[in-house]
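Just so it is clear, none of the values below were taken in a lab; they were calculated from the coordinates. Only a predicted model underlies this, so the values are computations on that prediction, with no experimental measurement involved. All Cβ positions, even for glycine, are placed from backbone atoms using ideal geometry, and neighbour counts span all protein chains on display.
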Amino acid sequence: MLGYIVRRVLYVIPVVFGVALVTFILFHVVGWNAAAMMLGKHASPEEIAALQKQLGLAGPKWLNWEAAREGPWYRLFDSQWFFYLRQIVTFDFGRSFATNQKISTLILDGILPSLSLTVPIFMIDLVVAIGIALVCAYRRNTWLDRSIVVLAVVGMSVSSLVYILLGQYLLAFRWGLFPIWGYETAKYLVLPVLIGVVSGLGSGVRFYRTVMLDEMYQDYVRTAFAKGNTERRVLFVHVLKNAMIPILTSVVLSIPFLYTGSLLLENFFGIPGLGYLSVEAINSADFPVIKAVVFVGSILYVLATLVTDICYALVDPRIKLR
Amino acid sequence: MSTPATSLWRTAWQQLRRNRLAMVCLGVIAFYALVALTAEGIYWYYRLTDQTPPYKQVNFDNRFAKPSLRHPLGTDSLGRDVLLQVIQGTRIAFEVGILTSLIAIPIAVVLGALAGYYGRRVDDFIVWLYTVFDSIPGLLFILAIAIVVGKGLLGVCLGIGLTTWVGLCRLIRGEYIKHRDRQYVLAARALGVKNFAIMFRHILPNVLHLVIISFSLRFPGAILTEVVLSYLGVGVQGEPSWGIMISDAKLRLWQGHWWELAGATAAMFFIVLAFNLFGDALRDALDPKLRTAEAKTA
């Protein structure tokens with residue numbers, strides 16, 4: 001067990017390294033021309049060169065052989081790749097091109113508003129979806145179950161953009177039930193949370209229903225029935241407990257989806273979180289900010305999967321690293 | 001008298017044919033495909049003859065016209081016909097759905113096959129690779145690729161294609177691990193068949209149904225993502241797409257002009273719904289076990 005946890009923790013290192021490598025290739029090798037793109041058509045070569053230097057996009061990409069030949073050997077590492085690694089280790093991603101603020105500050109400021117939106121959505125969605133799925137499993141293959149499944153697929157087929165547009169237009173603008181835009185009190189969060197819950201509910205219900213029905217046909221369920229347990233007791237005690245493992249998985253796998261959902265919600269409702277920051281950065285071609293947000297988002301995801309895997313190991317003694 | 005052997009494909013098709021809902025969905029998909037093909041023809045005709053296509057014809061005297069016989073879905077802020085734009089949007093949606101699959105599915109199949117068949121170092125490397133790709137938040141990764149490559153259809157397709165191969169790759173790898181020690185594979189190896197031939201000529205037909213299912217289930221996802229990307233301004237440029245229409249309609253909705261939003265939304269909803277339902281039916285017909293396996297990994 002301890003061995004597993006240690007190995008699992010150590011596996012974070014190559015994954016984070018890989019994320020750094022992929023983002024580096026994306027932004028420095030493929031997107032080497034970022035400075036020219038950011039400054040537009042009328043920039044002079046000197047301006048472009050100056051910005052490239054500021055962004056860490058100047059000089060050799062991987063290893064600096066020339067400098068090493070001339071100066072001390074460690075100048076070999078005076079390259080874009082090692083500059084980026086240093087940024088990561090020190091959590092100092094330079095400054096935003098658009099606003100000239102420190103990117104690390106921008107990210108730290110954005111985390112709280114983002115979480116204040118995504119955590120409630122996540123929690124409510126989880127409880128409601130599991131509740132509905134239990135009803136489906138309890139009344140399986142009746143008209144109630146079937147119509148819930150159809151409704152879930154219909155709900156999944158509507159673009160999240162449409163949920164947001166209609167929710168904001170009808171509930172906030174036409175009927176004035178909620179504030180339209182802003183981030184001041186908890187009241188401002190109610191509508192975005194509501195929309196987030198509704199747009200995620202369809203896929204959630206379908207997933208948990210599949211998980212529950214899958215458990216319903218296991219041997220232990222038959223045994224539990226044979227021992228004379230009531231249907232309700234089997235469902236809520238036996239099945240729910242065993243369904244926890246796939247549920248735990250989905251809990252983690254939903255985290256990136258929450259992140260993408262908040263990209264739109266934050267933009268529509270003016271919530272100054274990481275999603276808002278990303279959309280602003282995309283609109284102003286602010287490459288350093290995009291790079292940093294992508295990297296930090298990946299790290300959060302890696303850590304979340306680590307936590308789940310360790311939880312698994314604690315919950316289910318059968319699980320070992322492959 | 002022996003009954004003729006039925007293949008997996010034929011049994012699945014027979015089961016699908018009995019499923020009325022799936023057949024209706026297939027009809028809807030075929031209809032949309034026809035519309036997309038027609039739109040493609042219209043697009044190329046006007047492009048090659050260097051004329052302004054009807055869906056781009058501006059008419060300022062007829063802005064925000066309500067739905068009527070002449071304009072069944074009304075007109076937009078420049079007096080362009082909404083229905084014609086919805087039809088062109090179908091073309092973009094299908095292009096995105098097909099191109100992203102052409103990028104993602106080969107990556108998933110080749111990497112999954114290599115990892116599952118060879119195991120050991122190769123497997124370690126590919127598992128590491130997809131863990132890395134899986135760790136980077138989806139929409140942001142797509143946006144980043146689209147921006148770095150350049151706004152437009154290519155950027156969108158590369159973005160979605162290069163980020164959505166992980167789920168299928170995992171499934172294929174799992175299947176190859178199961179198949180690599182089966183007797184037919186051992187027999188082929190004993191006869192001196194080359195590894196690549198075993199992987200892609202002997203084993204691949206046995207896992208091909210996964211590819212088909214994955215195609216029909218990823219199509220709606222690609223359409224929904226394209227809409228979000230176009231809305232955020234990194235999608236298709238200068239052509240009508242559902243995302244751009246929704247984005248344009250955003251402010252007009254508040255002025256009471258609902259038809260542009262309604263047209264694009266309805267068009268998108270029915271094709272996504274049809275693909276979702278048909279994909280489910282297809283999966284149940286081809287591989288019922290997959291339902292939970294997929295839910296647990298994807």
* In straight Cα distance, which aspartates and glutamates are under 17 Å from B:K56, not counting same-chain residues fewer than 8 positions off? -> B:E40, B:D76, B:D81, B:E239, B:D248, B:E260
* Does chain A come out rounded, prolate or oblate, given a ≥ b ≥ c as the square roots of the eigenvalues of its C-alpha gyration tensor, rounded meaning a/c under 1.5 and, failing that, prolate meaning a/b above b/c? -> oblate
* Asked: Between A:R233 and A:R69, what is the label-to-label distance in nm when each label sits 7 Å out along the Cα-to-Cβ direction?
  -> 8.2 nm
* Asked: Between B:F64 and A:V12, how many nm apart are label points set 7 Å from Cα along the C-beta direction?
  -> 5.5 nm
* To do: Could you go through the stretch B:41-51 in sequence order and give the Karplus-derived ³J(HN,Hα) for each residue, using 6.51 cos²θ - 1.76 cosθ + 1.60 with θ = phi - 60°, rounded to whole Hz, and x for Gly and Pro?
  => x, 4, 4, 6, 4, 6, 6, 6, 8, 6, 10
* Structure fact -> Classified through the alpha carbon gyration tensor (a ≥ b ≥ c as square roots of its eigenvalues; rounded if a/c is under 1.5, else prolate when a/b is larger than b/c, else oblate), the protein assembly as shown comes out rounded
* If we count every other residue with Cβ under 15 angstrom of B:S241's Cβ, Lys/Arg +1 and Asp/Glu -1, where does the sum land? -> -2
* Determine, from the Cβ-Cβ distance of A:M244 and B:F196 and an R0 of 56 Å, the FRET efficiency 1/(1 + (r/R0)^6), rounded to the nearest 0.05. => 0.85
* **Local electrostatic count at B:D181 - Lys and Arg +1, Asp and Glu -1, tallied over other residues with Cβ under 15 Å** => +4
* Structure fact -> At R0 = 25 Å the Cβ-Cβ FRET efficiency linking A:Y4 and B:D181, nearest 0.05, sits at 0.45
* Evaluate E = 1/(1 + (r/R0)^6) for B:R20 and B:R47, where r is the Cβ-Cβ distance and R0 equals 51 Å; express this FRET efficiency to the nearest 0.05. => 0.80
* Relative contact order of the stretch A:106-315, defined on C-alpha pairs under 8 angstrom at six or more residues apart (%) -> 29 percent
